[in-house]
Amino acid sequence: MVSVSLTVNGEKRTASVAPETTLLKLLRETFNLTGAKLGCDVGDCGACTVIVDGNLVNSCLMLAGQVDGRDVLTIEGLATSDQLHPIQKAFEDKGSLQCGFCGPGVIMSAKWLLDQNPDPSVADIRDALSGNLCRCTGYTKMIEAIQTIAREREDAKSVV
Amino acid sequence: MRAFEFFAAKDSSHAVALLAQHGPKVKVLAGGTDLLADLKFAAASHHPRVVVDISRADDLRGIQMTDQGLRIGALVTHTEIMNSPIIREQLPALVDAAHTIGAVQTRNLGTLGGNLVTAVPSMDSGPTLVALDAIVTVAGPDGKRQMPLTDFFVGPRKTVLKSDELLVEIIIPKENVGKPTHFLKFGLRKGQALALVNVAASFWVGDVNTFKAPRVALGAVAPKVIHAPTAESFLEGKPITPENMVEAGKLAVDDAKPINDFRASAAYRRDLIAVLTRRALESAYQLHTTRKATERSGQ
Amino acid sequence: MDTKTKTGTLLEAEELLRAPAPAPLVPFPLEVRVPDPSRQTPAVGQRTTRPDARTHGLGQTKYIDDFYVPGMLFAKIKRAGVASARILKVDTSEAEAMPGVVAVITGKDIPVNSFGPSLKDQPVLAHERVFHAGDGVAAVAAVTEQIAADALEKITVEYEEFTPVLDPLDSLKLETPGVHAPSANIYGHKLIKKGDIEKGFAESYRIFEASFRTQMVEHVPLEPHSSLAQWDANGRLTIHSTLGRITLGRADIARTLGIPMSRIRIIATVVGGNFGGKNEITTEPVVAMLSKKTGRPVKCTFTRPEEFYSSTTRHPIIMDYKTGVTKEGKILARKIRLVLDGGAYCSWSETTLGKACILCAGPYEIENLVAEAFVVYTNKTMTGAMRGFGAPQVCFGYESHMDDIAKALGIDPLEIRLRNALKEGSLSPTSQMLHSVVVRESLLQAAKRFGWTGSAQGAQA
């Protein structure tokens, strides 16, 4: 067994799991955070995407032992009890998700992108989402939603 | 995934000690983008008893100029390469190559060392480093040794590493830092695609506008990343002209041994080698002229 | 305290977290008004948000694999790995003895081991014969997924392998051994005849022949197939499943388990992509039998590789077209033969066959037509429903053919289609009179939007 002690969505969590447990399984089965999904288990589809120490990663490609002492952010850590994260709001307004399975992964990638690059071009957005496969939507409204957030932030700044 | 024991190494010496202690059925975990994907569906006979995690061995990180040249730690991720100021300025081809790998998530986890050690012939980090005459440092229980990257690779998914050895760093010789180089990859998609063919071309512009120390490296067209020696010796000392670049492209085809597989036919790959080699040479020259113009304008 | 403000703030907060209503609520009428069906309702044209957008964005939508029930076991299915074989022997003893393995079943444990939307030719688990490499031959329920997967490797199966039939054109030949012998390999046939094609060809300025093929395609829903079975003490079964057609699924589960439908409750929640691939049962009877045997809830989720070789795919179709045209490119006669690769089992092949055959002439006025379609067995992954049911494949055929004809005759590809397009009142290949036909208008509008100014070859016509 490996013992891990980490921060998940701002909360200190500990667990004792088999060494071969991936971060994805740790989140889903031990912490009951089922937002990150198992779509392929080999890092191709991005449905398992989370942010570890500020780094956007496939949680199916990390072992639980590797996140000891680290900071993990999942989809469940974005909204507060009285407010959606702007990306969640924009996705809702634009109708960016259909079946929703890729949603948590895409939203984490969008968050990572906007944290790095507040004014991404369409090419930047496509690049940032290229590790998230979506079979339903064709990505159009996800790109629109992300552009809307970037524009709104720009407008908010110019008002000051 | 099948069970294994897990040990986290504090630094590279600790890692080597762990490998020696728990080998030979032991695997090194760095970024995990190849290893973990592999272990999920691999046969029982292939499965390690122990996994040694080196992701916290900070002495394997970092990008800096040393006496030998530009040193890139084995644990440097593809994203870190893309963001490194010195690499962006001196060797943008390495940035281009890193950018063609996988997608954001896999670039954030995947390491340069891991890409080289997995030794898939179509690896995207290989050709540029081979074109720049890179050398690598390997650490084992008996100490460290260095060798040209071309000698590090043995064949598909095979390097000289023994089960108790670790790839520590990759060094681009001082005289090649800043050499005009260009990398091109042709895959069936723009992202998350293996290369059908990848090419790196590198040369200094000699007196009277000639090719000086030209290098052409090819990936995915032989059991390992190779030089195109016929193309290279043809170019040496020749005037830099479009015709010579076209000819070099044709000669590079003869140095390669592409295969038919479900992604492409050998014939198609041969066509790609000729075109990509010519284009890589053109773009490397373009980089040189752009830099010269920038220097002249005093920026 | 200003209670009005406090309530207002509370409502606002709740508002944010509640699924928004699609349109402002209309006051309940005091007099009963009889609605006029020809009038548009107030909801049409309103901007709305999907009700599931909220839970999706929060990552709170529970898909089947997100369900964890106390005492739940995990099931895995062993795949044959051989395309065509007789099963001589299955030894599950070593797997059953493994710590953590609670039950193992094989084909012989399934009460009625056949199902299907039309032909009931598909087994739940292969019993005597294997018809494609993705056939399940045994299933294990264990306390963890990994133990179940490890147990699969301890199950030994002895096969007598046969030469598989892989090319649908081979299946078409009478001398090829029947995949499901003694049944013939051709398991579906449709013939459409209209007018007199020999007369049409005789009058044609030129006759064009071409052959087209499409490949097998997998839906790749992001969410793999998954189902979870639990029984209660009264012998009632509850299954949570990714299955789309739950009524049909219930009938198939009742049949395969040999229990009345009234004993089966199927709950389908939000699915993570279907596209036709989740139209019939896959793991449901397996988890039901394992749950019955173990007395515990059992969940089975496909791996991504299983999605490719053990779930239905799109029919590859081989299309042979022969078209006779006038000098102006007007179609006088068309003869088409389609051969659908019907995989190891029928699944939704009959529907696909029908659609492909009716649509393969294209949206064009053709007085003289013969369209004949066959679906044949091969020892490959079963082909079933996938968005379009045969329409996308034949569209590739008839539109490529049209482009080739246009090029050969020197006619603009848009123009040749306008000359042949179906109109209001045209008869379909099956002589159905068509209304609300907008082929011409759509083509012209599309051409305008794409900025189609004609092709170089069209200038010569």
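With N as its number of residues, segment A:86-159 has a Cα radius of gyration that, divided by 2.2 N^0.38 Å, comes to 1.03. Normalised per residue, the accessible area of segment A:2-77 is 29 Å², obtained with a 1.4 Å probe and no contribution from ligands, DNA or RNA. Helix content alone sets the calculated 222 nm mean residue ellipticity of chain C: runs of n ≥ 4 DSSP H residues at -39500 (n - 2.57) each, divided across all residues, give -8000 deg cm²/dmol.
Against chain B, whose longest principal axis comes from its Cα atoms, helix B:266-296 is set at around 70 degrees.
Each part gets one Cα centre, and for segment A:1-53 versus segment B:1-48 those centres are 19 Å apart.
Residues of segment B:1-27 buried by at least 40 Å² of accessible area upon assembly of all protein chains, compared with the chain on its own (1.4 Å probe): B:1, B:2, B:4, B:6.
Seen against the Cα atoms of chain B and their longest principal axis, helix B:242-255 is set at about 40 degrees. Rolling a 1.4 Å probe over the protein heavy atoms of chain C, with every protein chain left in place, gives an accessible area that is 56 percent carbon and sulfur.
Taking segment B:228-291, which chymotrypsin sites (Phe, Trp or Tyr not before Pro) meet the DSSP loop condition and have no more than 16 other C-beta atoms within 10 Å? Kindly include the intermediate steps, with their values, before the conclusion.
Working: sites: B:234, B:262, B:268, B:285; in loops: B:262.
Those that pass, being in a loop and sparsely packed, are B:262.
With all protein chains kept in place, the per residue accessible area of segment B:230-299 amounts to 57 square angstrom at a probe of 1.4 angstrom. Can you check what the net charge comes to around residue B:218, using other residues whose Cβ is under 12 Å from the Cβ of residue B:218 (Lys, Arg +1; Asp, Glu -1)? Residues close to residue B:218 contribute a combined charge of +3. Note on chain C: the C-alpha convex hull projects to 32.6 nm² when averaged across all orientations. The phi torsions of segment A:24-38, fed into the Karplus equation with coefficients 6.51, -1.76 and 1.60 and a -60° offset, translate into couplings of 4, 5, 4, 5, 6, 8, 8, 9, 6, 9, 8, x, 5, 10, 9 Hz, rounded to whole numbers, with Gly and Pro shown as x. Each other residue within a Cβ distance under 13 Å of residue C:120 adds +1 if Lys or Arg and -1 if Asp or Glu, for a net charge of -3. For segment B:142-204 versus segment C:217-233, the inter-centroid distance based on Cα atoms is 43 Å. The trypsin sites (Lys or Arg not before Pro) found in segment A:6-55 include none that occupy coil by DSSP while having at most 10 further C-beta atoms within 10 Å. One Cα centroid belongs to segment C:271-304, the other to segment C:119-158; the line between them spans 13 Å. Answer rounded, prolate or oblate for the protein assembly as shown, using the Cα gyration tensor with square roots of eigenvalues a ≥ b ≥ c: rounded when a/c is under 1.5, else prolate when a/b is larger than b/c, else oblate. Rounded, because the longest to shortest axis ratio a/c is under 1.5.
Calculated FRET efficiency, residue C:98 and residue A:55, Cβ-Cβ r, R0 25 Å, to nearest 0.05?
Using R0 = 25 Å, I get an efficiency of 0.05.
Each residue of segment B:211-220 is assigned a 3J(HN,Hα), and the resulting list reads 6, 10, 6, x, 9, 10, 10, 10, x, 6 Hz, derived from the Karplus form 6.51 cos²θ - 1.76 cosθ + 1.60 (θ = phi - 60°), x at Gly and Pro. Spin-label model, residue C:251 to residue B:174: label points 7 Å out along the Cα-to-beta-carbon direction sit 8.2 nm apart. Taking amide H atoms as placed 1.01 Å from N in the peptide plane, the amide H of residue A:22 lies under 5 Å from those of A:64, each 5 or more residues away in sequence or on another chain. Annotation note: trypsin sites (Lys or Arg not before Pro) in segment B:1-86 located in DSSP loop regions with a Cβ neighbour count of at most 14 within 10 Å are B:10, B:25, B:49.
Summarising the label geometry, the points placed 7 Å from Cα in the beta-carbon direction at residue C:62 and residue B:49 lie 4.4 nm from one another.
At a threshold of 10 Å², the residues of segment C:296-334 that become less accessible to a 1.4 Å probe in the full protein assembly than in their chain on its own are C:303, C:304, C:305.
For segment A:2-77, averaging the sequence separation of C-alpha pairs within contact (under 8 Å, six or more residues apart) and dividing by the residue count gives a relative contact order of 41 percent.
How high is the FRET efficiency between residue A:18 and residue C:202 when r is their beta carbon distance and R₀ equals 56 Å, given to the nearest 0.05?
According to the calculation, E is roughly 0.15.
The values are calculated or read from the model by the stated rules, or taken from the named source; none is laboratory data. No experiment lies behind these values; they were computed from the predicted model shown. Ideal geometry is used to build each Cβ from the backbone, glycine not excepted, and the neighbour counts take in all protein chains shown. For the accessible areas, the whole protein counts, side chains as well, though only heavy atoms, and no ligand, DNA or RNA atoms are used. Shrake-Rupley method; radii C 1.70, N 1.55, O 1.52, S 1.80 Å.
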